[in-house]
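Here's a structure for you.
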Amino acid sequence: MKNEIQAGRAIYIKLGVGGEWDDYCLKENQVLRIGYREIDHDACISRDKWDSTVRKQCRSIVKGGNLIAAKNFVGQLRKFYEAPSKETIWITFSGGCLWWCMASDEIEVLDDLCKIRKTSRHWSNKDTNGRRLTFDTLSGRLLAMKGFMGAICEVKEKDYLIDRINGRTP
């Protein structure tokens with residue numbers, strides 16, 4: 001049997017504004033990357049400061065200090081920092097294709113203060129049968145995620161996504 005993908009969780013990540021980090025992440029470095037430069041990496045790593053330090057930092061970067069928007073930012077950061085490597089598929093959209101990978105647990109801070117997670121299973125725009133995952137072969141409900149305004153969110157169509165990556169859904 002081919003090497004099927006299994007995951008209990010699927011997360012969409014937008015790789016920068018307008019896909020500015022697509023090549024950097026997908027082709028050059030095999031990483032997931034987020035900005036949130038103003039947020040203290042050590043506070044995120046400690047994981048006991050989400051409701052104090054991290055939320056306060058998120059409020060300071062949100063227009064008007066909006067508490068709801070700050071909570072949303074904290075949720076996105078938590079997904080990036082806490083999603084288990086062996087149980088999570090990450091996806092993005094670029095160049096007319098869905099791309100997917102699995103990430104390692106280690107998170108690094110770049111010189112520009114962006115955060116990255118290296119991939120443990122490299123980014124791919126193909127299913128396990130070697131067929132490209134082009135937009136015209138994917139459900140509209142999955143593709144609707146391209147319009148998500150934030151950086152990171154859960155994939156609601158996880159079962160369909162896993163079937164599609166495993167080549168079980170045409």
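The values are calculated or read from the model by the stated rules, or taken from the named source; none is laboratory data. Just so we're clear, the structure is a prediction, and the values are computed from it rather than from any experiment. Ideal geometry is used to build each Cβ from the backbone, glycine not excepted, and the neighbour counts take in all protein chains shown. Remember, those area values only see protein heavy atoms, side chains included, never the ligands or the DNA or RNA. Shrake-Rupley method; radii C 1.70, N 1.55, O 1.52, S 1.80 Å.
Need the full-extension length gain, residue 144 to residue 38, defined as separation in residues times 0.36 nm minus the C-alpha distance. One decimal, nm.
35.2 nm
By what distance, in whole Å, do the Cα atoms of region 14-94 stretch along each of the three principal axes, largest value first?
Sorted largest first, the three principal extents are 36, 29, 19 Å.
Of 13, 104, 169, whose Cα points farthest to the positive end of the dipole of the chain (charges on the beta-carbon: +1 Lys, Arg; -1 Asp, Glu; origin at the Cα centre)?
It is 169.
In addition: Over the heavy atoms of residue 128, what accessible area does a 1.4 Å probe trace out, to the nearest 10 Å²?
Surface accessible to solvent at residue 128 totals approximately 40 Å².
On to the next question. Just the number, please: Stokes-Einstein D of region 124-170 in µm²/s, Kirkwood Rh from C-alpha pairs, 25 °C, 0.890 mPa s.
Using the Kirkwood radius from Cα pairs, D works out to 217 µm²/s.
Set the bar at 23 Å for Cα to Cα. Now go through 56/118; 14/118; 126/146; 49/71 and name every pair that lies beyond it.
56/118
Something else now. Any chance you could give the angle, 0 to 90 degrees and rounded to 10, that helix 67-82 forms with the longest Cα principal axis of the chain?
Orientation of helix 67-82: about 60 degrees from the principal axis.
For the chain, what does the helix formula give at 222 nm: sum of -39500 (n - 2.57) over DSSP H segments with n ≥ 4, over the residue count, nearest 500 deg cm²/dmol?
Mean residue ellipticity at 222 nm (helix-derived): -6500 deg cm²/dmol.
Considering every Cα-Cα pair within region 80-135, what fraction, in whole percent, is farther apart than 12 Å?
Cα-Cα pairs in region 80-135 separated by more than 12 Å: 68 percent.
Same structure, new question: Residues of region 64-99 with amide nitrogen under 18 Å from the 7 Å Cα-to-Cβ point of residue 105?
From region 64-99, the list is 78-90.
Only Cα pairs under 8 Å and at least 6 apart count here; give the relative contact order of the chain as a rounded whole percent.
Relative contact order comes out at 30 percent.
Now for a different question. Can you report the principal axis dimensions of region 1-57 using only the alpha carbons, biggest first, rounded to whole angstrom?
So the extents along the principal axes, rounded to whole Å, are 47, 28, 17.
While we're looking at this one, here's another question. If you look at just the Cα atoms of region 71-167, how large are its Rg and its Dmax in Å?
Reported Rg and Dmax, both Å: 13.9, 40.
Taking every alpha carbon pair in the chain, what does the distance histogram look like in 10 angstrom bins from 0, in percent?
Spelled out per bin, shortest first, that is 10, 39, 35, 14, 3, 0.
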